[in-house]
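Visitor: Mind having a look at this structure? Questions to follow.
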Amino acid sequence: MTLLLRPPRPLIVPRWIPQRWYIHLALIAICIILGFPVIYAVIVSTQNNAQVFRYQFSLGESFGNNWDVVMNSRNLGRYMVNSIIISVAVTVGKTILSLLSGLAFVYFRFRGKWLVFGLVLITLMMPTEILIIALLRFVTELGWGSTYYALIVPFLASATGTFLFRQHFSNIPSELSEAAQLDGANPLQFLWRVLVPMSWNTIGALAVIQFVYTWNMYLWPRLIIQGQSRQVVQVGLQSLLNLDSSTSYGPMMLGAVIASVPPLMVFIALQKQFMSGFALSRDK
């Protein structure tokens, strides 16, 4: 028997599609538009006011002086430490409580469960500013004014996290819960050993959202914190607006650039989980 081998098919190169160039050109234009303010802020952070008003698009020679003003004169480093402590504590606390609440809404049966979940959804449509007066009075009566407790405890509960984990856990087969019960696992063991390893994408997405939200808080710290020892970076940036009875744009831009680094690092570190957590495909 003779084995006949077919000649390989010629490689078909797709024709050039002009529309692709328009798409690429549009994407490049969008990147330039979005990236220009960031690049300009970095450039201004190295300049003094004279160079800023001359609209020089080159690095200046005042970076060292601006750094000294931001870190030493205005103590922005202390504000950064406060914001990091608060953001990490709120993010970790919200994630843990959201995991527990999602577990309760999916795997526990109790009277009024749908009513409670409906109330949770209603809170998603209520901005924090609506409750801020009552919250301010409550925290003040507890004696938590100008403390970390006032910036952390009121924000540990998360309707967003509860909703995300509830929806995610609902897509996990119930047979896993039944198998865990047969193996003698309690609810917390089932959560830690089964659900958490299957939920890293959702955890990462929630962590990015909550870290950035907490990092950008301004109104509540402005109201509840008196003094500078516990103040956060967003309020601390305001002290850079007026230096020597004038607006110093170099230190102000440098402070803004420095303050944007931690949330940017968190997003880069959890970018894969963040994108997968909101993708249409299921987590595996």
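The values are calculated or read from the model by the stated rules, or taken from the named source; none is laboratory data. On a predicted model such as this, the values are computed, not experimentally measured, just so you know. Heads up, the Cβs are rebuilt from the backbone with ideal geometry, glycines too, and the neighbour counts pull from every protein chain shown.
Visitor: For the stretch 70-94, how many residues are surrounded by 20 or more Cβ atoms within 10 Å (Cβ to Cβ) and among the β-branched types (V, I, T)?
Guide: Residues flagged as surrounded by 20 or more Cβ atoms within 10 Å (Cβ to Cβ) and among the β-branched types (V, I, T) within the stretch 70-94 amount to 4.
Visitor: Suppose the filter is surrounded by fewer than 20 Cβ atoms within 10 Å (Cβ to Cβ) and more than 22 Å from the chain's Cα centre (by Cα); does Q238 pass it?
Guide: No, not satisfied.
For (1) surrounded by 15 or more Cβ atoms within 10 Å (Cβ to Cβ); (2) within 13 Å of M252 (Cα to Cα); (3) within 28 Å of the chain's Cα centre (by Cα), each residue gets a yes or a no:
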site: W21; (1), (2), (3): no, no, no
site: H24; (1), (2), (3): no, no, no
site: I32; (1), (2), (3): no, no, yes
site: G35; (1), (2), (3): no, no, yes
site: V38; (1), (2), (3): no, no, yes
site: I43; (1), (2), (3): yes, yes, yes
site: L59; (1), (2), (3): no, no, no
site: S62; (1), (2), (3): yes, yes, no
site: N65; (1), (2), (3): yes, yes, no
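Visitor: Okay, moving on. Anything in the stretch 221-266 that is in contact (Cβ under 8 Å) with a residue 24 or more places away in the chain, out of contact with any helix residue (DSSP H, G or I) (no Cβ under 8 Å at 6 or more places or on another chain) and in a helix (DSSP H, G or I)? List them, or say none.
Guide: Within the stretch 221-266, just S239 meets the criteria.
Visitor: Of all residues in the stretch 6-58 being among the polar types (S, T, N, Q) and not in a helix (DSSP H, G or I), which is modelled with the lowest pLDDT?
Guide: If we take residues in the stretch 6-58 being among the polar types (S, T, N, Q) and not in a helix (DSSP H, G or I), then Q56 is modelled with the lowest pLDDT.
Visitor: Which ones in the stretch 192-227 are more than 30 Å from Q181 (Cα to Cα) and either of a type in the set (A, V, I, L, M) or touching a Gly at 6+ places or on another chain (Cβ under 8 Å) (or both)?
Guide: Within the stretch 192-227, V208, I209, Q210, V212, M217, L219, L223, I224, I225, Q226 qualify.
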